[in-house]
Amino acid sequence: YSIDLVIPMDIWVKFMGIYLSEGSCTHTGRGHVVTIHQKKEDICEAIEIMLDTWGIDYTKRIRKSDNKKTYNITDMRLFYYLEPLGICYNKYVPLEIKSLNSNYLKIFLFGICNAKQKTTTNQLIVVLNTNYLFYSKTIYY
């Protein structure tokens, strides 16, 4: 790609929250794919509005057995930014997000918390202070 990927900040932080909660990266024969999985219908609607507003190309697949939706974005630039952030249950929040003002952090945390498929007290922790923001589906002591 010779053109930079331009993303409005409010969309980017919401996307990052949703991605860190329910996203993954895969390198296939079809390219570098960023995927978001979601079953909650209201969150699916919000994801589609977010992606359409952003203007990035994506495909949506619906699994017939449980109506779970998968959003695939094939973009090498996005893939190479997100892939180093970790996999599955252990992803970290990049410094660029942690250092944003509180309004953007609220949007980010809203994305994480609302995209969760299942949340119980021992599955989700978000620690926020001036030096540290970490998201994990497991609690570390």
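The values are calculated or read from the model by the stated rules, or taken from the named source; none is laboratory data. None of these values were measured; they are calculated from a predicted model. FYI the Cβ positions are ideal-geometry reconstructions off the backbone, even for glycines, and counts take in every protein chain you see. Keep in mind that these areas ignore ligands, DNA and RNA; they rest on the heavy atoms of the full protein, side chains included. Shrake-Rupley method; radii C 1.70, N 1.55, O 1.52, S 1.80 Å.
Picking from residues in the range 60-100 that are acidic (D, E) and farther than 12 Å from V33 by Cβ, the one that is surrounded by the fewest Cβ atoms within 10 Å (Cβ to Cβ) is D66.
Taken over the range 57-84, the criterion of being over 21 Å from P94 (Cα atoms) and either without any contact (Cβ under 8 Å) to a residue 24 or more places away in the chain or among the aromatic types (F, W, Y) (or both) is satisfied by D57, Y58, T59, K60, R61, I62, R63, K64, S65, Y71. Picking from residues in the range 14-37 that are touching a His at 6+ places or on another chain (Cβ under 9 Å) and hydroxyl-bearing (S, T, Y), the one that is surrounded by the fewest Cβ atoms within 10 Å (Cβ to Cβ) is T26. Within the option set D52, D42, D66, D4, being at pLDDT below 95 and closer than 23 Å to N103 by Cβ holds for one residue only, D42.
Check off (1) outside any loop (DSSP other than H, G, I, E, B); (2) at pLDDT below 90; (3) open to solvent by less than 90 Å² (accessible area, probe 1.4 Å) for T119 and give me the number that stays unchecked. Of the numbered conditions (1) outside any loop (DSSP other than H, G, I, E, B); (2) at pLDDT below 90; (3) open to solvent by less than 90 Å² (accessible area, probe 1.4 Å), the odd one out for T119 is (1). Counting only residues that are assigned to a loop (DSSP other than H, G, I, E, B) and of a type in the set (A, V, I, L, M), which one in the range 1-50 is nearest to the chain's Cα centre (by Cα)? Among residues in the range 1-50 that are assigned to a loop (DSSP other than H, G, I, E, B) and of a type in the set (A, V, I, L, M), the one nearest to the chain's Cα centre (by Cα) is I7.
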